[in-house]
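Undergrad: After the structure tokens below, expect a handful of questions from me.
What follows draws every value from the coordinates through simple rules; no lab data is involved. Bear in mind the structure is a predicted one, so any value in this text is a computation, not a measurement. All Cβ positions, even for glycine, are placed from backbone atoms using ideal geometry, and neighbour counts span all protein chains on display.
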Amino acid sequence: MGCGSCSTGGGCAPSGCKSNGSCLTGGCQKMEVHDWLSNLDMPANYIPFQVVEVKFKGARKEFFLNNENIYLEIGELVAVEGATGGYDIGHISLTGELVRMQMKRRKTPLDQVTRKIYRKATEADVDKWKLAKDMEWETMHKARTLALDLRLSMKISDVDYQGDKTKATFFYTAEGRVDFRELIKKMAETFRIRIEMRQIGMRQEAGRLGGIGSCGRELCCSTWLTNFKTVSTAAARYQNLSLNTLKLAGQCGKLKCCLNYELDTYLDALKDIPDRIESLQTEVGVARHQKTDIFKKLMWFSYANQEDWIPLKVDRVKEIMAMNKKGEKPVNLKDEAVELKTTTIVEKVHDYENVVGQDSLTRLDDRNKNRNNNNRNKNNNNRNDRSRNQPQGNLQQQPRPAQQAKPAPQAKPVQQPKSQVQKPVVEGAAPANPNSPKPNRNNKNRNKNRNKNRPTDSSSEKPKNE
């Protein structure tokens with residue numbers, strides 16, 4: 001929905017009026033009607049039809065008498081007679097001969113139209129009507145708190161103020177009957193207006209509030225749908241849909257109205273399909289029914305312990321069923337299988353070349369990786385240049401300037417542990433030389449015997465703790 005004054009808010013982003021069909025401009029209302037007879041020249045003796053159709057909030061349309069022959073155009077605001085006194089403000093939705101056709105369509109006789117149009121809405125009427133519309137949101141929340149305090153099992157979904165701010169209609173949903181007499185007393189004391197309670201269904205509530213469906217578009221009940229037909233699970237079964245309540249239910253909690261849109265097409269296609277067929281008898285064995293394509297008129301069967309499905313035409317399946325009733329059996333269904341055309345996927349060749357790489361989703365990640373790699377290469381090159389400029393030689397022997405300025409600390413005497421005490425040198429033994437030849441075994445044995453016979457030094461023994 002969108003009108004000329006609120007369809008765009010500058011640039012390419014649509015702003016919208018966010019009034020759910022009650023925009024004051026009259027261009028984005030639900031069920032907007034185009035008068036295709038407005039540009040036709042009427043005869044000179046033509047008397048215009050005195051009944052006018054007026055639209056109010058929530059797709060409510062009513063017929064009013066234009067006894068004073070006020071010149072009215074579609075979209076104008078008018079002050080009309082209220083249902084229980086006072087006056088109300090609404091938009092002109094239809095005039096002329098189309099109103100006569102609309103009354104025949106709704107089966108509304110001319111005698112039942114008794115209320116009349118007072119005048120075109122003045123500035124004072126429009127200002128008062130705007131103030132009444134601004135009070136609806138706050139009034140609805142206060143009424144909900146009052147209903148919760150009384151512990152009533154009902155949900156107040158919308159409030160509709162009359163144009164003169166003397167009456168308010170509260171729309172609510174409930175599973176059963178609700179005794180709201182005490183609630184009306186408290187609301188009358190709080191709001192100081194006449195109150196009317198009207199119970200609506202879940203579908204009507206979704207149509208008044210609006211929303212976005214699972215298809216991504218606005219709800220049908222809030223944009224163009226007026227008559228709510230009953231929807232059953234049989235509609236989903238005929239269309240071979242999964243009986244999942246989460247997928248089949250809409251925002252109102254009931255089954256989606258769009259399940260009925262294609263139901264007639266499926267029912268026409270199912271007329272030629274045989275019902276309750278489970279298997280076909282053949283000489284090879286029993287072929288079980290697996291799948292049916294009602295639009296292509298094909299049925300698939302398969303034998304036991306075989307993965308191949310055999311497609312057959314519906315006419316041939318009917319002939320085999322008639323043969324089985326007579327006790328006759330075909331040889332094999334594979335000989336009568338229908339050849340299915342295989343679809344070849346053709347790759348589209350684009351007229352442009354992706355030079356910059358704007359089609360890649362990871363183009364920004366690739367740039368960051370390249371930058372990191374370049375930085376690493378630069379650091380490595382700088383290190384290599386520094387190592388080349390330094391003089392060759394033992395770098396550890398050249399002290400740093402910071403180390404030369406500091407005085408060297410005095411070295412503490414290192415005490416060697418007892419396990420590392422040097423062993424006594426044997427007399428006559430030569431110093432260890434890796435190039436010298438190994439001593440004989442006889443000399444080793446002699447040295448061991450001399451050490452055993454030599455007396456031990458008493459000073460080397462450890463004193464015992466007294």
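Undergrad: Of Lys57/Lys167; Lys130/Lys165; Lys133/Lys167; Lys130/Lys186, which pairs sit farther than 21 Å apart, going by alpha carbon to alpha carbon? Walk me through the numbers before you get to the answer.
TA: Details: Lys57/Lys167 14 Å; Lys130/Lys165 10 Å; Lys133/Lys167 12 Å; Lys130/Lys186 25 Å.
Result: Lys130/Lys186 exceed 21 Å.
Undergrad: Only four residue types carry charge here, +1 at the Cβ of Lys and Arg and -1 at the Cβ of Asp and Glu. Report the dipole size of segment 51-119 about the Cα centre in Debye, rounded to the nearest 20.
TA: On the way: 12 positive and 9 negative charges, 77 e Å.
For this selection, approximately 360 debye.
Undergrad: Now for a different question. Using Cα-Cα distances under 8 Å and only pairs 6 or more residues apart, what relative contact order does segment 229-272 have, in percent? The partial results should precede the final answer.
TA: Values: 26 pairs, mean separation 18.8, N = 44.
Over segment 229-272, the number comes to 43 percent.
Undergrad: Over all directions, what mean area does the Cα convex hull of segment 229-272 project, stated in square nanometres?
TA: Numbers: hull surface 12.2 nm².
Result: 3.1 nm².
Undergrad: While we're on this one: Give me the percent of Cα-Cα pairs in segment 70-204 that sit more than 18 Å apart, rounded to a whole number.
TA: On the way: 5717 of 9045 pairs.
Counting every Cα pair in segment 70-204, those more than 18 Å apart make up 63 percent.
Undergrad: In addition: Tell me the volume per residue, in Å³, of the convex hull enclosing the alpha carbons of segment 130-208. Don't jump to the answer; show the numbers that get you there.
TA: Values: hull volume 6.7 nm³, N = 79.
Enclosed volume per residue, from the Cα hull, is 84 Å³.
Undergrad: Take every Cα pair under 8 Å in segment 274-336 that's 6+ residues apart, average their separations, divide by the length, and report that relative contact order as a whole percent. Please report the intermediate quantities before stating the final value.
TA: On the way: 87 pairs, mean separation 19.5, N = 63.
That works out to 31 percent.
Undergrad: Next up: Can you work out the FRET efficiency for the pair Asn324 and Asn260, with r the C-beta to C-beta distance and R0 = 25 Å, to the nearest 0.05? All intermediate terms of the calculation are to be shown ahead of the outcome.
TA: Working: r = 37 Å, r/R0 = 1.47.
After rounding, the FRET efficiency stands at 0.10.
Undergrad: Specify which residue in the list Pro274, Leu298, Pro330 is farthest towards the positive end of the charge dipole of segment 274-336, using unit charges on the beta carbon of Lys, Arg (+1) and Asp, Glu (-1), about the Cα centre.
TA: About the Cα centre, the residue reaching furthest to the positive side is Pro274.
Undergrad: Moving on to the next point. Under 19 Å Cα to Cα from Lys334, which aspartates and glutamates show up? Leave out anything in the same chain fewer than 8 places away.
TA: Glu278, Glu283, Asp293, Glu307, Asp308, Asp315, Glu319
Undergrad: How many Å³ per residue does the convex hull of the Cα positions in segment 274-336 occupy?
TA: On the way: hull volume 4.9 nm³, N = 63.
So the per-residue Cα hull volume is 78 Å³.
Undergrad: Further, regarding this structure: Rg to Rh ratio, segment 176-292, alpha-carbon atoms and Kirkwood radius?
TA: Numbers: Rg = 23.0 Å, Rh = 18.6 Å.
Reported Rg/Rh, Kirkwood definition of Rh: 1.24.
Undergrad: Let me ask something else. Just from the alpha-carbon atoms, what are the Rg and Dmax of segment 165-225 in angstroms?
TA: 15.2, 45
Undergrad: Further question on the same structure: Report the far tail of the P(r) of segment 51-119, meaning the percent of Cα-Cα pairs longer than 17 Å.
TA: Details: 826 of 2346 pairs.
Of all Cα-Cα distances in segment 51-119, 35 percent exceed 17 Å.
Undergrad: Still on this structure, please answer the following. What does the charge count around Tyr71 come to, taking other residues whose C-beta lies under 15 Å from its C-beta (Lys +1, Arg +1, Asp -1, Glu -1)? Walk me through the numbers on the way to the answer.
TA: Numbers: positive: Arg119, Lys120; negative: Asp35, Glu68, Glu73, Glu76.
Neighbour charge sum, excluding Tyr71 itself: -2.
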